[in-house]
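Peer 1: I have a structure here, written as structure tokens, and I will follow up with some questions on it.
The values are calculated or read from the model by the stated rules, or taken from the named source; none is laboratory data. These numbers come from a predicted model, not from an experiment. All Cβ positions, glycine included, derive from the backbone under ideal geometry; neighbour counts span all protein chains shown. Side chains included, ligands, DNA and RNA excluded: accessible areas come from the protein's heavy atoms. Shrake-Rupley method; radii C 1.70, N 1.55, O 1.52, S 1.80 Å.
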Amino acid sequence: MDNKELMSKMAQMESQIDHLESELVYLNRILIDCGFPEGIITLKATVEEMLA
């Protein structure tokens, strides 16, 4: 890969990171609104407890 291809790949990855981060923030917000006080953290703990 040459420098131009690497820069293009890096830009794609940065865009993907931005998108995933936005989705994670949104998911966390709606979980809090649904009654999970700490969002994803509380959901994860609840699921782990149910599976145990």
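Peer 1: Could you list the square roots of 5 times each eigenvalue of the Cα gyration tensor of the chain, that is, the equivalent ellipsoid semi-axes, sorted largest first and rounded to whole Å?
Peer 2: Semi-axis lengths for the chain are 36, 13, 5 Å.
Peer 1: Counting heavy atoms of the protein chains only and a 1.4 Å probe, report the per residue accessible area for the chain as a whole number of Å².
Peer 2: 91 Å²
Peer 1: Let me ask you something else. What is the sum of charges, Lys and Arg at +1 and Asp and Glu at -1, for the other residues whose Cβ falls under 14 Å from the Cβ of Ile40?
Peer 2: -3
Peer 1: Accessible area of the chain with a 1.4 Å probe: how many percent of it is carbon plus sulfur?
Peer 2: Carbon and sulfur: 62 percent of the exposed surface of the chain.
Peer 1: Explain nothing, just the number: dipole magnitude of the chain about its Cα centre with +1 on each Lys and Arg Cβ and -1 on each Asp and Glu Cβ, in debye rounded to the nearest 20.
Peer 2: 40 debye
Peer 1: Moving to a separate point now. Arrange the peptides 31-40, 12-21 so that the one whose residues have, on average, the most other Cβ atoms within 10 Å appears first.
Peer 2: The most tightly packed comes first, giving 31-40, 12-21.
Peer 1: Please work out how much length the chain gains when fully extended from Asp18 to Met50, using 0.36 nm per residue of separation minus the C-alpha to C-alpha distance, in nm with one decimal.
Peer 2: Contour length minus the Cα-Cα distance gives 8.3 nm.
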